[in-house]
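Enquirer: Quick one: the structure is below, questions incoming.
The values are calculated or read from the model by the stated rules, or taken from the named source; none is laboratory data. Remember, predicted model here, so these are calculated numbers, not experimental data. We place every Cβ from the backbone using ideal geometry, glycine too, and count neighbours over all the protein chains shown.
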Amino acid sequence: MKIATWNVNSIKARLDNAIAWLKDAAPDIVCLQELKCEDAAFPTSAFEELGYNVITHGQKSYNGVAILSKPQPEDVRRGLPGDDDDSQARYIEAAFSRKGGVIRVASIYLPNGNPLGTEKFDYKLRWMERLRAHAKQLLKLEEPLVLAGDYNVIPAPNDAKNPEAWTGDALFQPESRASFRSIVHLGFTDAIRQMHGDAPGLYTFWDYQAGAWQRNNGIRIDHLLLSPQAADLLKDARIDREVRTQERPSDHVPVVIELA
DNA sequence: ATGACATATGAGATATGA
């Protein structure tokens, strides 16, 4: 079973790219982020024609998350618990039946948090604490669980071509990295790190500006965190970096895992 | 270099992203 995460940076602007990639990669479940459209404007039928079920949690202009899946979604949750006043569409979760039981998958668009010293960075850290609390509850189910998405966190210096360039950025703050580790330390496995160790150059995002792609000036911020039951099924994890060579690409590329 | 690029909104310039 192939499960992927991809920040598309507008699903309407990226529809042709997404369809081409789905036909080529043939994932079973795909977590999308930064839809930048409301649910009614999501191009649902285009994906249904490829055999996918579609669930979305969108909003106008910004944010927005979705899950495309060959299996039927069940037990759908829209929005991250812990703050009824949070109206930003950054979390959707569903369970899927598979041989021998259920697998639960979440699509996550974690707040960017820039610039430092503002409400935006506070919101990022509060959102991460809510994610940690919810993840802790989900682990009690003792199911295969995949928390996939754009975490907007560079976990370690090895996850950036030029880590020194990110020292003043919310994505690489000690608080952001510590919060990410506190979630991992609940018992999750970082799929790319598990399969590739400390291999350098494994990036998922390259800025549009200043020839970042051509210089491979990237960062690894899109992650799939696996519960112990999911980690036991892990066969492969890869970054589809060739997607960045598409015409009018997203600034992120898909990350794909294969589970037994 | 409070920039570069890209996208949404809306119809020019601003907000947001990472």
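Enquirer: Go through (1) more than 16 Å from DNA strand B (Cβ to nearest atom); (2) among the charged types (D, E, K, R); (3) modelled with pLDDT of 95 or more for A:ASP86 and report which single condition fails.
Expert: Condition (1) is where A:ASP86 drops out.
Enquirer: On the basis of being out of contact with any helix residue (DSSP H, G or I) (no Cβ under 7 Å at 6 or more places or on another chain), polar (S, T, N, Q) and without any contact (Cβ under 8 Å) to a residue 40 or more places away in the chain, does A:THR56 make the cut? Quick ask: steps written out before the conclusion?
Expert: Values: out of contact with any helix residue (DSSP H, G or I) (no Cβ under 7 Å at 6 or more places or on another chain): no; polar (S, T, N, Q): yes; without any contact (Cβ under 8 Å) to a residue 40 or more places away in the chain: yes.
When the stated conditions are applied, A:THR56 does not pass them.
Enquirer: Spot the failing condition for A:ARG104; the list is (1) within 13 Å of DNA strand B (Cβ to nearest atom); (2) part of a strand (DSSP E or B), and only one is missed.
Expert: (1)
Enquirer: Going through A:ASN53, A:ASN7 one at a time, which residue ends up being within 19 Å of the chain's Cα centre (by Cα) and more than 15 Å from A:VAL255 (Cα to Cα)? Can you show your working first?
Expert: Values: A:ASN7 fails: more than 15 Å from A:VAL255 (Cα to Cα).
Sole residue among the options that is within 19 Å of the chain's Cα centre (by Cα) and more than 15 Å from A:VAL255 (Cα to Cα): A:ASN53.
Enquirer: Any residue at all in region A:213-223 that's surrounded by fewer than 19 Cβ atoms within 10 Å (Cβ to Cβ) and away from DNA strand B (no atom under 16 Å from the Cβ)?
Expert: No, the conditions are met nowhere in region A:213-223.
Enquirer: Filter region A:7-61 down to residues that are acidic (Asp, Glu) and loosely packed, with under 14 Cβ neighbours inside 10 Å, then give me how many there are.
Expert: The number of residues fulfilling the criteria is 4.
Conditions tested, residue by residue: (1) free of Cβ contacts under 8 Å to residues at least 24 places away in the same chain; (2) more than 10 Å from DNA strand B (Cβ to nearest atom); (3) buried (at least 19 other Cβ atoms within 10 Å of the Cβ); (4) not β-branched (Val, Ile, Thr).
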| position | (1), (2), (3), (4) |
| --- | --- |
| A:LEU171 | no, no, yes, yes |
| A:SER182 | no, yes, no, yes |
| A:GLY211 | yes, no, no, yes |
| A:ALA231 | no, yes, yes, yes |
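Enquirer: Still on this structure, please answer the following. If I ask for residues that are assigned to a loop (DSSP other than H, G, I, E, B) and more than 13 Å from DNA strand B (Cβ to nearest atom), which ones from region A:108-154 would you list? Outline the logic, then answer.
Expert: Pass one, region A:108-154, residues assigned to a loop (DSSP other than H, G, I, E, B): A:110-118, A:140-144, A:151-154.
Result: A:LYS140, A:LEU141, A:GLU142, A:GLU143, A:PRO144.
Enquirer: Still on this model: May I ask you to list the residues in region A:19-41 that are of a type outside the set (Gly, Ala, Ser), more than 13 Å from A:VAL8 (Cα to Cα) and either touching a strand residue (DSSP E or B) at 6+ places or on another chain (Cβ under 7 Å) or in a helix (DSSP H, G or I) (or both)? Full working, then the answer.
Expert: Taking region A:19-41 as the starting set, the residues that turn out to be of a type outside the set (Gly, Ala, Ser) are A:19, A:21-24, A:27-39.
Still in the list and also more than 13 Å from A:VAL8 (Cα to Cα): A:23-24, A:27-29, A:38-39.
If the condition is that a residue be of a type outside the set (Gly, Ala, Ser), more than 13 Å from A:VAL8 (Cα to Cα) and either touching a strand residue (DSSP E or B) at 6+ places or on another chain (Cβ under 7 Å) or in a helix (DSSP H, G or I) (or both), then A:LYS23, A:ASP24, A:PRO27, A:ASP28, A:ILE29, A:ASP39 are the ones that fit.
Enquirer: Select from region A:62-83 the residues that are surrounded by 15 or more Cβ atoms within 10 Å (Cβ to Cβ) and within 13 Å of DNA strand B (Cβ to nearest atom) and list them in ascending order. Lay out the reasoning, then the answer.
Expert: Filtering region A:62-83 for residues surrounded by 15 or more Cβ atoms within 10 Å (Cβ to Cβ) gives A:63-71, A:73, A:77-80.
Scanning region A:62-83 gives A:ASN63, A:GLY64, A:VAL65.
Enquirer: Please go through region A:89-126 and pick out each residue that is closer than 24 Å to A:GLY51 by Cβ, over 19 Å from the mean Cα position of the chain (by Cα) and at pLDDT 95 or above.
Expert: Of everything in region A:89-126, those that are closer than 24 Å to A:GLY51 by Cβ, over 19 Å from the mean Cα position of the chain (by Cα) and at pLDDT 95 or above turn out to be A:SER97, A:VAL102.
Enquirer: List the number of the failed condition for A:ALA191; all other conditions in (1) buried (at least 22 other Cβ atoms within 10 Å of the Cβ); (2) over 17 Å from the mean Cα position of the chain (by Cα) hold.
Expert: (2)
Enquirer: Considering only region A:2-18, how many residues are farther than 19 Å from A:GLY58 by Cα, touching a residue at least 12 places away in the same chain (Cβ under 8 Å) and within 12 Å of DNA strand B (Cβ to nearest atom)?
Expert: Number of matching residues: 1.
Enquirer: For region A:65-100, which positions are among the acidic types (Asp, Glu) and without any contact (Cβ under 8 Å) to a residue 12 or more places away in the chain? Break it down stepwise before answering.
Expert: Residues of region A:65-100 among the acidic types (Asp, Glu): A:74-75, A:83-86, A:93.
Correct list: A:ASP84, A:ASP85.
Enquirer: Do we have A:LEU32 as closer than 22 Å to A:LEU147 by Cβ and away from DNA strand B (no atom under 11 Å from the Cβ) here?
Expert: Yes, satisfied.
Enquirer: Related question: Being in a loop (DSSP other than H, G, I, E, B) and exposed (fewer than 13 other Cβ atoms within 10 Å of the Cβ) narrows it down to one of A:ASP236, A:ASP198, so name that one.
Expert: Working: A:ASP236 fails: in a loop (DSSP other than H, G, I, E, B).
Just one listed residue meets the conditions, A:ASP198.
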